[in-house]
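Read the structure below first, then the notes.
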């Protein structure tokens, strides 16, 4: 009887499928360089056994052929799903979820780049599935050839196995749940608790590290169906600090920014929504960063803010290749340890971050999903409140991002797309417009204004680089003759096109007599996705970058090291070697332009403030500073030198980061800034609240 039970199809198939599932998960884990010995591996094994047993139990009700087909379907699904998810991680840096599946489908538009980024070894993920399919096609058929369906067992034995199977499944589910809730089953430095991550797996990389690819997908779908979001998880982290003793001696501190919170307090008192009250408490209790020696140095000047598509430090390493970009970087304020953290939907989300100083929600394309939000604290509204015109420009269509609505919500008086600018363009994916044409067509819309803020999102340097294109081949032969590979040469050709576009912009400003009165701030949205590590490092080595990139992030993050600069003609060059990120750009600019803003409402910090922490935070909760790189999915700190942190210090840093990210997500989901600024306007009793009042002149212009 024991032999019959052991060789029973439910048990045998559960064993085979468990081996397949667990091996596939471990191969993915191996390629992401995650630990193969930590407690998460045990949890993944339990889930592999649990899923396989459930599937095998359901399949055993079918005839032999039907059960075999059902098992093959399982293997194909798991293999393909795991391969696609890892491919997206390899290409974009994150595993994809339901909330950003819209962007994932757009990979089809650059499938050649996606496939080119996959190293041959990565196909082992599919190879595991092929071996197990062969098992069912060949070996299982031989084993079951002469066996009739369940004829080896009596009715009592069949019932016994089914009851036991159901009990085992329930025990496995309960045991799995305990591994999620138990504090002993997670790293004490982990940025999110396993339970919070299970409820709402916004941090996909951390979720995959703890649950595996399959259970991450399950938890992501479940949270979407049940409507669990950042609000629910934020409640887990609601601050529990008690109010300080009112009798304690309070030492008055002059922050130099005097902000009257009277209207805000009244608004909070009349707010019943607990999520909004939590956000009010959080933002009101943040520190107001003081002014500093950089406050107002650009007051009254114009501002042009430029997103550089697919640009990393290649752009500022060679003066001969890219003279204009090199000039802007080295003759302005250069941030030598700046990072633009990738996330799902990088360009759109990082564009939103640049204009609002908010962490976007990692498991959604925030720019599109929350396109109707109001960001009254954003760049356009703040500059318009200071008497500036505020417009925005992009030399492509809205195929990927709903920029017209997004920029309207951010406060742009008018967003001009490639068609609004009257530019001709080729809709073919490989062809992109020349950014110099964008600057030529746009100048008449803003440059005549007395004070202007203009935002540009470039596109010339967009992938793909592995097929011929007009811009990619314009200077390709030049770089091939210098010894660069063809794919890299096409990228460098496009970079030269961008450099010439910047020369065109400087020429326009000079001819209009506005060069000295205009500040140019620039940042890259992400590294060039169409280049792999080998191709990027080919340039880095030849141009003495001093570092190499590796997009599998365990010991440090240099792949997201992206140039950021602030330039004004005739200024003294300044090098800032603190760790900075795109999140810090807007509050830094608002301080330098001496705008009326409330520093508490931004997740970034004025870089020149003493309160700025020299630390860059990545979307998955990882972070890097002068001392080392903290890899959040693995809860592991890798030090660069002798300086180390205690576990308590690491936990404190992680808590602060987690709190900012959770509150930012909650603010976006609750359309908080619309509520806040319109509410303060309602309860305003004086005119002495300049930093928190919704500008009267822009309150209803964009409805």
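Ranking request for peptides 346-356, 516-526: highest mean number of other beta-carbon atoms within 10 Å first, then the rest in descending order. Before the final figure, lay out each step's value.
Details: 346-356: 26.1, 516-526: 21.8.
Put in order of decreasing packing, that is 346-356, 516-526.
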Discussion item. Using only alpha-carbon positions, what ratio does the radius of gyration of the range 369-526 give when scaled by 2.2 N^0.38 Å?
Written reply: 1.13
Discussion item. Once each part is reduced to its C-alpha centroid, what is the distance from the range 482-560 to the range 254-309 in angstrom?
Written reply: 33 Å
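When 1/r is averaged over all different Cα pairs and the result inverted, which Kirkwood radius in Å belongs to the range 295-677?
21.1 Å is the Kirkwood radius here.
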Worksheet, complete the sentence: Quotient of Cα radius of gyration and Kirkwood radius for the range 50-96, i.e. Rg/Rh, equals 1.19
Worksheet item: When all C-alpha to C-alpha distances in the range 267-426 are sorted into bins of 10 Å, what percent of pairs does each bin hold, rounded to whole numbers?
Response: 8, 27, 37, 22, 5, 1, 0
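Output the antiparallel fraction of DSSP beta bridges having both residues in the chain, as a percent to the nearest 5.
On the way: 17 of 44 bridges.
Counting only bridges with both partners in the chain, antiparallel ones make up about 40 percent.
Would you mind calculating the relative contact order of the range 550-635 from Cα pairs under 8 angstrom and at least 6 residues apart, reporting the percent as a whole number?
Working: 90 pairs, mean separation 24.2, N = 86.
Dividing the mean separation by the residue count of the range 550-635 yields 28 percent.
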Fill in: Crossing angle, helix 124-134 versus the chain [Cα axis fit, 0-90 degrees, rounded to tens]
20 degrees
Worksheet item: How big is the Kirkwood radius of the range 387-465, worked out from every pair of different alpha carbons and given in Å to one decimal?
Response: 13.1 Å
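So how do 331-342, 567-578 stack up, highest first, on mean other-Cβ count within 10 Å?
Top of the packing list down: 331-342, 567-578.
How large is the Rg to Rh ratio of the chain when both quantities use alpha carbon positions and Rh follows Kirkwood? Don't jump to the answer; show the numbers that get you there.
Numbers: Rg = 27.8 Å, Rh = 27.4 Å.
On the Cα set of the chain, Rg over Rh gives 1.01.
Based on the mean of other Cβ atoms within 10 Å per residue, sort peptides 178-189, 313-324 so the most packed one is first.
Numbers: 178-189: 14.5, 313-324: 19.2.
By packing density, highest mean first, the sequence is 313-324, 178-189.
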Response to the item:
Rounded to the nearest Å, the spacing of the alpha-carbon centers of the range 30-73 and the range 181-228 is 19 Å
Practice prompt. Measure nothing fancy, just the Cα-based angle from helix 533-542's long axis to the longest principal axis of the chain, in degrees from 0 to 90, nearest 10.
Written response: 40 degrees
Response to the item:
the range 295-677: relative contact order from alpha carbon pairs under 8 Å, six or more residues apart, as a whole percent, is 27 percent
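Run the helix sum for the chain: -39,500 (n - 2.57) per DSSP H stretch of 4+ residues, divided by residue count, reported at 222 nm to the nearest 500 deg cm²/dmol.
Details: 27 runs with 324 residues, N = 703.
Mean residue ellipticity, 222 nm, calculated: -14500 deg cm²/dmol.
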Discussion item. If I fit a long axis through the Cα atoms of helix 155-181 and take the longest principal axis of the Cα atoms of the chain, what angle between them do I get, 0 to 90°, rounded to 10?
Written reply: 30 degrees
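Based on other C-beta atoms within 10 Å, arrange 643, 327 from fewest to most. Let's see the in-between values first.
On the way: 643 10, 327 17.
So the residues, fewest neighbours to most, are 643, 327.
Which order do 440, 121 fall in if you start with the one that has the fewest other Cβ atoms within 10 Å? Walk me through the intermediate numbers first.
On the way: 440 16, 121 11.
So the ranking, lowest neighbour count to highest, is 121, 440.
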Discussion item. Below 8 Å between Cα atoms, with a sequence gap of 6+, how large is the relative contact order for the chain in percent?
Written reply: 19 percent
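For a quick check: sort 360, 289, 458 by the number of other beta carbons within 10 angstrom, fewest at the front.
On the way: 360 27, 289 21, 458 30.
Ordered from fewest to most neighbouring Cβ atoms within 10 Å, 360, 289, 458 come out as 289, 360, 458.
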Worksheet item: Could you give the alpha-carbon Rg of the range 551-632 over 2.2 N^0.38 Å, rounded to two decimals?
Response: 1.21
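Bear in mind these aren't lab numbers, they're just calculated from the coordinates by the rules spelled out. Treat the numbers as computed from the prediction; the structure is a model and nothing was measured. Every residue, glycine among them, receives a Cβ derived from its backbone with ideal geometry; neighbour counts consider all protein chains shown.
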